[in-house]
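Since the structure comes first, as structure tokens, the remarks are kept for the end.
The values are calculated or read from the model by the stated rules, or taken from the named source; none is laboratory data. Note that the structure is predicted; figures quoted are calculated from it, not measured. For neighbour counting, all protein chains shown are included, and Cβ atoms are generated from backbone atoms with ideal geometry for every residue, glycine included.
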Amino acid sequence: MAGDSSYTIVEYFGGDDGYRCGYCKNDKGNFSHGMWSHTMTVQDYQDLIDRGWRRSGKYVYKPTLKKTCCPQYAIRCHALKFQPSKSHKKVLKKMNKFLSKGELPEGQEPGQFIVSVNIDHNALQTTMHCVGTILAKKCSGADPSRPPCRKAKDLRKERRLQKEQTRQHGVSLTKPAPSLAIQPKSLEDLVSELLPDDASHRLEVRLVPVNFEDPQFAASYQQSAALYARYQMAVHGDDPSECSESQFQRFLCDSPLEAEFSPDGPEVGYGSFHQQYWLDGKIVAVGVIDILPTCVSSVYLYYHPDFAALSLGSYSALREIAFTRQLQKQSPKLSFYYLGFYIHSCPKMRYKGQYRPSDLLCPETYAWVPIERCTALLDESRYARFNQDPDAGDIRALKDVGRALVLHRRAVMPYVTYSRKRKGASDEREVQQYASLVGQQCAERILLYRS
């Protein structure tokens, strides 16, 4: 991973002021603590999101769950144990049908779709929705190591033949094959279903690092920015001034994460990436993701409004789970898919809980708790402590603010040293609040800028 020369540098802003909530439209009900990250290691960001933080561009924020109107709880899916539901399978089949035959849902043609997708409406302010995307190439075919799929008609015919042999000879002449039981298709089987040679459309994904020095990212930047503006205006009703190129860059191209590579990490490395969906040679969707030491963290998805009927939010989330499983083969610790925030008090945002098995983050102990145990508590109260062990606490709780690192006049020092040098009013209350929110370990690694 990063060497000793790599640091995270942040400026803390506090979180006393309320602002407009994108869910319940409360003008002053949304509260969060925030900090600007000039640069950040992937391990520090992993540890921060495991304490309820989230990034929007270079701004990193943590909702104040006891105070905010619509509490947002961090949610993660166990990618390796995930099994697609019936509705998930329908979404995948709908996409495959479109690619192979050019057929969209009945009665809808490109340009006629009623756009409907649940994207987190606080994302452009401080909050992030994470229906991310990962579209694997559709030409990869079936896994040659797996037994071929057998049609149910053939299986029934085989059973009838066995019964007839048993009736005539009194004994079964053939052992029932273990393959008679129809095995459910895996997620990988469903997303990489082989398309016919005469398929109507060709879909490919290009994973590009968010870096203007990368030729692919630079070459496709203008097309990607134009697609973002079209999406924001059509889906969220933004004014053109709200989705300018500079807004796009700040929100979805600027990232504090430094690209990092490790011998036991994924081949593509860690950091921030754009998953570009190319349909017949044009970008029709882009998923923004962060690849971190133990997870793929979904940041945002935007797409061409004409393809809203393909349920791209659900489809892309399934693809990201499959991508996480692919990365885990290269990096064993990387086994979770983070969907951003789960908002139980907002019914249309509960769909994230359908990607199971999944956990919510306890806001007091920072332990991950199965979602089934959490939703019953959230039915009773908007805010809940999920960890039901009364003796459990925050194992990374702040113990000594003096050991927190600060950056002052280009010198790194413990806060206790800085506080002796400081002139003017004490800032201990602010630093104590910051260090409590990031936890002792991060406080001792991250550099808090002091002017």
Failed item in (1) in contact with a strand residue (DSSP E or B) (Cβ under 6 Å, 6 or more places away or on another chain); (2) surrounded by fewer than 17 Cβ atoms within 10 Å (Cβ to Cβ), with Leu407 passing the rest: (2)
Taking segment 410-442 only, how many residues are crowded, with 20+ Cβ neighbours inside 10 Å and not aliphatic (A, V, I, L, M)? 5
Can you tell me which condition Tyr45 does not meet? The list is (1) within 24 Å of Phe273 (Cα to Cα); (2) of a type in the set (Ser, Thr, Tyr); (3) in contact with a Gly (Cβ under 7 Å, 6 or more places away or on another chain), and all the others hold. (3)
Could you say whether any residue in segment 7-27 is free of Cβ contacts under 8 Å to residues at least 60 places away in the same chain and crowded, with 18+ Cβ neighbours inside 10 Å? yes
Hey, Ala376 hits all of (1) among the aliphatic types (A, V, I, L, M); (2) under 16 Å from the mean Cα position of the chain (by Cα); (3) outside any strand (DSSP E or B) but one; which does it fall short on? (2)
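This table checks each residue for (1) crowded, with 24+ Cβ neighbours inside 10 Å; (2) out of contact with any His (no Cβ under 9 Å at 6 or more places or on another chain); (3) closer than 23 Å to Ile49 by Cβ.
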site: His274; (1), (2), (3): yes, yes, yes
site: Leu279; (1), (2), (3): no, no, no
site: Ser298; (1), (2), (3): yes, no, yes
site: Ala308; (1), (2), (3): no, yes, no
site: Thr324; (1), (2), (3): yes, yes, yes
Kindly indicate whether Arg325 is basic (Lys, Arg), over 30 Å from Arg385 (Cβ atoms) and outside any loop (DSSP other than H, G, I, E, B). yes
Count of residues meeting criterion [of a type in the set (Gly, Ala, Ser) and either touching a Phe, Trp or Tyr at 6+ places or on another chain (Cβ under 6 Å) or under 22 Å from Asp306 (Cα atoms) (or both)] in segment 242-277: 2
Which one is nearest to the chain's Cα centre (by Cα), of the residues in segment 6-48 that are among the aliphatic types (A, V, I, L, M) and more than 15 Å from Tyr434 (Cα to Cα)? Val42
Filter pass, Ser272 being touching a Pro at 6+ places or on another chain (Cβ under 8 Å), assigned to a strand (DSSP E or B), at pLDDT 95 or above and of a type in the set (S, T, N, Q): yes
